[in-house]
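Okay, structure first, notes after.
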Amino acid sequence: ARGLVWFRSDLRMQDNSALYRASQCCEYLAALFIACPHNWKSHGEGDALVAFRMACLHELQTRLQTRNIPLYCLNISTFSQVPKALQQVALRLKIEGVFANAEYPINEQRRDHAVRDILCKSGIHIEYYSDRTLLPPGSVRTGNGEPYKVFTPFKRTLLQLCAESAVNPLPVPRKMPILDGGSHWPKWLEMGRGVRLTQKIPSQLPHYSIDNTVTGMVKGWKAGEKEAQKRLKLFGERITRYQAERDFPALDSTSRLSPYLNSGAISIRQCAYMALSLNDGNWQGGSEGIACWISELIWREFYTHLLVDFPRLSKGQPFKLETERIPWVYNQKLFDCWGRGETGVPIVDAAMHQLNESAWMHNRLRMIVASFLSKNMLIDWRWGERYFMQHLIDGDFASNNGGWQWTASTGTDAAPYFRVFNPYSQSQKFDPDGTFIRRYIPELASLNNREIHNPPPVSGYPQVICDVGAGRKRAIAVFARLK
Ligand code: FAD
């Protein structure tokens, strides 16, 4: 039988549930990626994210060739065109079964249901695998069978369930036989209406500038599965220091695996497996650094599970519905200053420069800038969420939405509304000698370690754009009024 693996956000050959199962069930195997740049754009996905995805796809194609699995690419526009296009591809390639790993935001789920319906009508089987999380969404429940709304008990139950079965990453697929004893999969197919199925990954996409894919390097990030494995291994050498050092943005102490996890160049099981193997197989206890890192992986898990249980999160709504009544500020000018890193608060500005220059931001800083925008300036968190998506190389709907709603106190298990990050004391605590600020704001480099967090007027550096203390009081007051 001929099978087709439909790759989406799982761009790797090792430990890929859909790919592995397909290689076991089918005699011959081809792979497909469908680019939907119009939809990606409407989801706010930015150049760095998309360029990185396409660069990972290049690497994957080369790796799949070593297994005699040709990777086709279809370049269409929107998710709504996917079902028909996939049906056509499957019919033309005489495919009997399609294999894919599940995706959880609501538009992706709707697309996948529509694909299932249309393939069913053509007698083609499709199977979606749970692969993005340690446990399938919906499988971690309270005693009453309800979804968890608070992280700590979710984590407790998840750890209990995980401890009951071993994490065993899947091997790479076997080398597949060449089609029909010597003939080959077609190099390309004309699909009609100007659409062509080819084995060429597009070097240009409408709405996007993705020039970097040729070198496989996007803003200093090398794409692909091989690089992800290298980073995981290197991080393993310093993981025991993770808990002590992870909050200091000047140190390179976190794994920086997020772009790889989100494009699927590495799996969550591979990450957990590495951590467990350094911790005598234990999910808890042992090294504090390792336990702490596992806990962070579980935050990702928590936010992904929530998306499935609470579809409103995919529809721009807050988890706490009463926070819809917050009189958010929609001040474009203030927002633009925040985006450009010109707020006059050094730690906020340095963080935004890190994002704008490297397409990534340290977790502590994400919380600080998100709190500054949504609390001190009371600007709608959804503006910030979108800006992050447009600029992050690791943009992930579940974690981004979860992180913003947590910080803005609109989410599940959110920071209590009266706890507003003070950007100055955060700066003193987590960048005590201003190393991080100096790296990104050269105008402040000559200030001493005390002044650098809240500087006197400095030529070339803006004055503070809002009253930080009054902003904090206003935020607490508007949230208190909801009670
Ligand atoms: P490490 O510290 O090495 O952690 C390992 C992995 O655990 C990460 O790669 C990530 O997959 C997961 N993880 C760690 N912390 C969190 C967390 N708080 N929430 C969810 N998962 C976590 N993460 C994204 O992957 N994509 C996003 O778009 C995103 N947006 C965020 C927005 C805000 C406002 C906040 C506060 C956090 C956001 N995060 C997001 C979570 C976190 O900041 C990043 O995952 C982390 O900084 C990535 O760096 P790392 O790979 O070195 O992480």
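The values are calculated or read from the model by the stated rules, or taken from the named source; none is laboratory data. Owing to the predicted nature of the structure, the values given are computational and were not obtained by experimental measurement. Cβ sites come from the backbone with ideal geometry, for glycine too, and all protein chains shown count toward neighbours.
Would you mind listing the helices (runs of 4 or more DSSP H) fully within region 1-114 where at least 1 residues are modelled with pLDDT of 95 or more and farther than 29 Å from LEU355 by Cβ? Break it down stepwise before answering.
Working: elements: 17-25, 37-42, 47-65, 82-92.
Hits in region 1-114: 17-25, 47-65, 82-92.
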Failed item, numbered, when ASN279 is tested on (1) more than 21 Å from SER399 (Cβ to Cβ); (2) in a helix (DSSP H, G or I): (2)
Condition broken by PHE397, with the remaining ones in (1) out of contact with any His (no Cβ under 9 Å at 6 or more places or on another chain); (2) within 11 Å of the ligand (Cβ to nearest atom); (3) under 17 Å from LEU49 (Cα atoms) satisfied: (1)
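Mind listing whichever residues of region 424-472 are assigned to a helix (DSSP H, G or I), of a type in the set (Gly, Ala, Ser) and in contact with a helix residue (DSSP H, G or I) (Cβ under 7 Å, 6 or more places away or on another chain)? Talk me through it step by step, then tell me what you get.
Of the residues in region 424-472, the ones assigned to a helix (DSSP H, G or I) are 424-430, 435-440, 442-444, 451-453, 468-472.
Subset that is of a type in the set (Gly, Ala, Ser): 425, 427, 469-471.
Passing the criteria: SER427, GLY471.
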Single condition LEU306 does not satisfy, out of (1) within 28 Å of GLY224 (Cβ to Cβ); (2) within 12 Å of the ligand (Cβ to nearest atom): (1)
Residues of region 235-255 classified as more than 10 Å from the ligand (Cβ to nearest atom) and in contact with a Cys (Cβ under 8 Å, 6 or more places away or on another chain), total: 1
ARG156 being within 23 Å of ILE266 (Cα to Cα) and modelled with pLDDT of 95 or more: no
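So in region 338-373, with the set limited to residues that are among the polar types (S, T, N, Q) and under 17 Å from LEU392 (Cβ atoms), which one is nearest to the ligand (Cβ to nearest atom)? It would help to see each step written out before you state the result.
Residues of region 338-373 that are among the polar types (S, T, N, Q), as a first pass: 343, 354, 356, 358, 363, 371.
The next check asks that each one be under 17 Å from LEU392 (Cβ atoms); those that pass are 354, 356, 358, 363.
On the way: GLN354: 11, ASN356: 15, SER358: 12, ASN363: 3 Å.
Filtering first and then ranking leaves ASN363.
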Index of the failed condition, GLN284 passing every other in (1) touching a residue at least 24 places away in the same chain (Cβ under 8 Å); (2) assigned to a loop (DSSP other than H, G, I, E, B); (3) more than 16 Å from the ligand (Cβ to nearest atom); (4) more than 19 Å from SER165 (Cα to Cα): (4)
Hits in region 412-423 - residues which are at pLDDT 95 or above, in contact with a helix residue (DSSP H, G or I) (Cβ under 7 Å, 6 or more places away or on another chain) and not in a helix (DSSP H, G or I): PHE421
Hits in region 431-483 - residues which are of a type in the set (Val, Ile, Thr) and buried (at least 20 other Cβ atoms within 10 Å of the Cβ): ILE437, ILE441, ILE452, VAL468
